[in-house]
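S.K.: The structure is given below, and queries will be raised subsequently.
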Amino acid sequence: MERLNFNNKLSIICIGLMLFLLSPSFAQNTYSEYKGKIVDARNNRALEYVSLNVLETNISTITNSEGEFLLKVPEAFKDSKVVVSLLGYTKKVLNLADLSENTSLIKLEEAYTELKEVNVSAFKDADKLVRKVFAEKSKTIQNQSVYMTAFYRETIKRRNRNVSLTEAVVNILKQPYTSANKDAVKLGKARKSTDYKRLDTVSVKLQGGPFSTLYLDIMKYPEYIFTEETLDTYRFSFDQPTTVNNRNVYVVDFKPRNKTLDLSYYGKLYVDVKTLALVSAKYSLDVSNKSKSRNLLVKRKPRDIVVYPLEANYKVDYKQNGGKWYYSYSNLSLKFKVNKKREIFNKVYTLSSEMAITDWEINTDDIRIKGKDRLRPSVIITDAISGFSDPDFWGEYNLIEPDKSIESAIEKIRKNIRKEQEKTSLP
């Protein structure tokens, strides 16, 4: 792999994780919808990031932050089973027929793994394990070209109020993990609305769109966090093991060895004990040093504005199918403070984006995405309100159920659209 100096690495990371501050088609004709909520069986706490996968298919979805899900299944698979799984919980396998088409409540039991069940002595230290995971990924990760359908959502909030909402269905031509070729993305259906009045004099935009989450696939793009040269700058240690899909998982903590690095992360890696594949990663950018992090996540800004990141959190998940693991879900959440000269009060914004793979197939037909149809990694999805007035806009596509705050924002957008339509219809 080509090595990158620090400045180049930072600029690449920023393509997907930066802000602008400025003054496969699997359509079916018929399908059934299954709605529900998933909670912790012990305390009824809503569980987010729970995966629901229809057995013997690649159809899947994921719960939102309130534990809610919506799963759309073609009639051809209505007699199938669905696997419900989450890191640290015992998986459940349910008949689709047993799920109500209105609302189902699913309870997951927390799984407990004893240290004696997981042999950590196979590795002298966690550092050795992590290096093996990345060095031998061709044995564990899906290493063929794959054509994927994914749902992407991006939200921008000022304080606790939504000021921008973007949703899209995209097709991804995922390149083999050992290939140097970058993944290609094609935009399918999309809708976006931004309330620039509430953004005041500052316009906040995410550069990269779906690439902002796709580049969190650290098995395909390890250069954004772990390279041969940066691995030595981190200290790895074993934490209490856990389970996913009833399989034992190593948990590895990592943090920078010292505070002298200009750019460093800390977090956890979850590694399947049997296959030594990365199951999940959760990590954060160290923004504790204000002098170093000042304007760190900003591509362009007015001269009289200073931006301080308050939080920068990232997550990526992988699923197993046919003995191989593949990219399944990722999200990022950036919280930052904007200070403008000659203004007493600062503004706090939160930008979140997530992408879930909802269906995929091995690219045996040599499917390609033409150059004219490819999104650029620097894309900013154009504003458009089309679709928000149509409650059935997504049709048969699976998506991540919107949170209550997003539902509220969508309803306000619909009301504004109706008002505009009423104005234009007046004589």
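S.K.: Round to the nearest 0.05 the FRET efficiency obtained for residue 136 and residue 45 when R0 = 51 Å and r is the Cβ-Cβ distance. Intermediate results must be reported in sequence, preceding the final value.
M.R.: Details: r = 37 Å, r/R0 = 0.72.
Working from the Cβ atoms, E equals 0.85.
S.K.: Starting from region 336-412, pick out the trypsin sites (Lys or Arg not before Pro) whose DSSP state is loop and whose Cβ has at most 10 other Cβ atoms within 10 Å.
M.R.: Answer by residue number: 341, 342, 370.
S.K.: Now, a different point. Please turn the phi angles of region 289-303 into ³J(HN,Hα) values with the Karplus equation 6.51 cos²θ - 1.76 cosθ + 1.60 (θ = phi - 60°), one per residue in order, whole Hz, x for glycine and proline.
M.R.: With the stated coefficients, region 289-303 comes to 8, 5, 5, 7, 8, 3, 6, 4, 9, 10, 7, 9, 7, x, 5 Hz.
S.K.: Here's a follow-up. What accessible area per residue comes out for the chain, rounded to a whole number of Å², with a 1.4 Å probe?
M.R.: Details: 20490 Å² over 427 residues.
Dividing the accessible area of the chain by its residue count gives 48 Å².
S.K.: Taking only DSSP H segments of four or more residues, each worth -39500 (n - 2.57), what value at 222 nm results for the chain once the sum is divided by all its residues, to the nearest 500 deg cm²/dmol?
M.R.: Values: 6 runs with 56 residues, N = 427.
-4000 deg cm²/dmol, from helical runs alone.
S.K.: Across region 47-57, in residue order, what do the Karplus-derived ³J(HN,Hα) couplings come to in whole Hz, using 6.51 cos²θ - 1.76 cosθ + 1.60 with θ = phi - 60° and x for Gly and Pro?
M.R.: 10, 9, 6, 6, 9, 10, 10, 6, 4, 6, 9
S.K.: I've got another one for you. Provide the packing ranking of 147-159, 375-387, i.e. peptides ordered by the mean count of other C-beta atoms within 10 Å per residue, highest first. If you can, show how the numbers build up before the last one.
M.R.: On the way: 147-159: 22.5, 375-387: 15.2.
The most tightly packed comes first, giving 147-159, 375-387.
S.K.: Then there is this: Taking θ = phi - 60°, what integer Hz values does the Karplus form 6.51 cos²θ - 1.76 cosθ + 1.60 yield along region 406-412, in sequence order, with x for Gly and Pro?
M.R.: With coefficients 6.51, -1.76 and 1.60, one gets 6, 4, 5, 5, 5, 5, 5 Hz.
S.K.: Right, here's the next one. At 0.36 nm per residue, minus the direct Cα-Cα distance, what do residue 290 and residue 366 gain on full extension? Give it in nm, one decimal, please. Numbers along the way, then the final one.
M.R.: Numbers: separation 76, 0.36 × 76 = 27.36 nm, distance 4.84 nm.
Using 0.36 nm per residue and subtracting the Cα-Cα distance, I get 22.5 nm.
S.K.: Rounded to a whole number, what % of the accessible area of region 210-273 do carbon and sulfur atoms account for, probe 1.4 Å? Before the final figure, lay out each step's value.
M.R.: Numbers: 1090 of 2340 Å².
The computed percentage sits at 46.
S.K.: Show the residues, 5+ positions off or on another chain, whose built amide H is closer than 5 Å to the amide H of residue 141.
M.R.: 325
S.K.: Taking amide H positions as placed in the peptide plane 1.01 Å from N, state which residues far from residue 203 in sequence (5 or more) or on other chains have amide H under 5 Å from it.
M.R.: 22
S.K.: Just order 282-295, 38-51 by mean Cβ neighbour count inside 10 Å, highest at the front, would you? Mind showing how you got there, number by number?
M.R.: On the way: 282-295: 14.7, 38-51: 16.4.
So the peptides 282-295, 38-51, ranked by packing, come out 38-51, 282-295.
S.K.: Output the pairs from 107/315; 91/137; 186/412; 290/341; 72/205; 186/419 with a Cα-Cα distance over 21 Å in this structure; if there are none, say none. Could you put the intermediate results ahead of the total?
M.R.: On the way: 107/315 24 Å; 91/137 25 Å; 186/412 29 Å; 290/341 18 Å; 72/205 31 Å; 186/419 33 Å.
Long pairs (Cα-Cα over 21 Å): 107/315; 91/137; 186/412; 72/205; 186/419.
S.K.: Same structure again: If the limit is 29 Å between Cα atoms, which of 174/347; 35/189; 299/415; 81/157 go over it? Can you show the working numbers first?
M.R.: Numbers: 174/347 38 Å; 35/189 22 Å; 299/415 34 Å; 81/157 38 Å.
From the list (174/347; 35/189; 299/415; 81/157), the Cα-Cα distance tops 29 Å for 174/347; 299/415; 81/157.
S.K.: For region 68-190, rounded, prolate or oblate, judged on the Cα gyration tensor with a ≥ b ≥ c (square roots of eigenvalues), a/c < 1.5 rounded, else prolate if a/b > b/c?
M.R.: Details: a/c = 1.59, a/b = 1.18, b/c = 1.34.
Taking the square roots of the gyration eigenvalues as a ≥ b ≥ c, region 68-190 is oblate.
S.K.: How far is the Cα center of region 28-47 from the Cα center of region 161-186, in Å?
M.R.: If you average the Cα positions of each part, the centres end up 25 Å apart.
S.K.: Ranked highest first by average number of other Cβ atoms within 10 Å, how do 166-173, 125-132 line up? Intermediate values should be presented prior to the final figure.
M.R.: Details: 166-173: 21.8, 125-132: 16.5.
So the order, starting with the most tightly packed, is 166-173, 125-132.
S.K.: Run the accessible area of region 294-370 with a 1.4 Å probe and give the carbon-and-sulfur part as a rounded percent. Walk me through the intermediate numbers first.
M.R.: Numbers: 1640 of 3690 Å².
In region 294-370, the share of accessible area belonging to carbon and sulfur is 44 percent.
S.K.: Moving on to the next point. Among residues other than residue 176 whose Cβ falls under 14 Å from its Cβ, what is the net charge (Lys/Arg +1, Asp/Glu -1)?
M.R.: Details: positive: 137, 139, 174, 182, 220, 324; negative: 183, 217, 366.
Value of the local net charge: +3.
S.K.: Measure off, as a whole percent, the carbon and sulfur share of the 1.4 Å-probe accessible area of region 126-190, all protein chains present.
M.R.: Numbers: 1040 of 2390 Å².
The nonpolar share, carbon plus sulfur, comes to 44 percent.
The values are calculated or read from the model by the stated rules, or taken from the named source; none is laboratory data. None of these values were measured; they are calculated from a predicted model. Glycine gets a Cβ as well: all are built from the backbone with ideal geometry, and neighbour counts include every protein chain shown. Just so you know, the surface numbers come from the protein's heavy atoms only, side chains and all, with ligands and any DNA or RNA stripped out. Shrake-Rupley method; radii C 1.70, N 1.55, O 1.52, S 1.80 Å.
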